[in-house]
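*Asks:* My questions all concern the structure below.
The values are calculated or read from the model by the stated rules, or taken from the named source; none is laboratory data. What you see is a predicted model; the values in this text were computed from it and never measured. Note that we place each Cβ from the backbone using ideal geometry, even for glycine, and neighbour counts take in every protein chain shown. Remember, those area values only see protein heavy atoms, side chains included, never the ligands or the DNA or RNA. Shrake-Rupley method; radii C 1.70, N 1.55, O 1.52, S 1.80 Å.
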Amino acid sequence: PKILVTIDFSDCATHVVRKGIEVARELEASVVLMHSVQTPDGLDDETPVGDGHRRPAISLLLDEAREQLAEHGEVFLAQGLELKQVVTVGGPAEQIVRMAEQEKVSRIVMGTKGRRGLSRLLLGSVAEEASRKATTPAVPVEPEWKPSCAASSCNWCASGRTEAQHQLEAELDG
């Protein structure tokens, strides 16, 4: 068997990785570790960005995502688990469903923001959308807010924003 573990590089991604290891061991499964990137609204994938050596926006996002995914992947490898790492381009919920079908996984392990009520209604939830559309059972991993977190609640956590995302937003701001 095989499981899909999706992470967003937030501070809570380590909780998702731990749960992924637990589920992989329980099912004696290999792991597909996945992250999805997309350029911010207002930029095309091929928009040249960066100081000095300019390159396509999507290239910047993909390179950084691969580096960060590899760091999380080391944790799975250290546990002796078989691992495939994948960075996709597109909306995260759609990419999670596509990857689950493509890899024929038996579970999807993914983090949630823990949104409830109005914030969930207004902002939506990648985990909720992916769970609803996928035919594979999902294992949601709730976030753990700590007093040291920068956001006042997990609903507004932006800890998963990469340097490349900040750079692209700066390009949009001029």
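*Asks:* Peptides 70-79, 100-109: what's the order by average Cβ count within 10 Å, highest mean first?
*Replies:* Highest-to-lowest ranking by the protection proxy: 100-109, 70-79.
*Asks:* Considering only protein heavy atoms and a 1.4 Å probe, what is the carbon-and-sulfur percentage of the accessible area of the stretch 1-57?
*Replies:* 44
*Asks:* Quick one: net charge of LEU62's neighbours, Cβ under 11 Å, K/R +1, D/E -1?
*Replies:* Combined, the nearby Lys, Arg, Asp and Glu give -2.
*Asks:* OK, next. If the viscosity is 0.692 mPa s and the temperature 37 °C, what translational diffusion coefficient in µm²/s does Stokes-Einstein give for the stretch 1-66 when Rh comes from Kirkwood over Cα pairs?
*Replies:* In µm²/s, the coefficient rounds to 236.
*Asks:* Additional query: Where does the stretch 1-143 land on the Kirkwood hydrodynamic radius, alpha-carbon pairs, in angstrom?
*Replies:* 15.8
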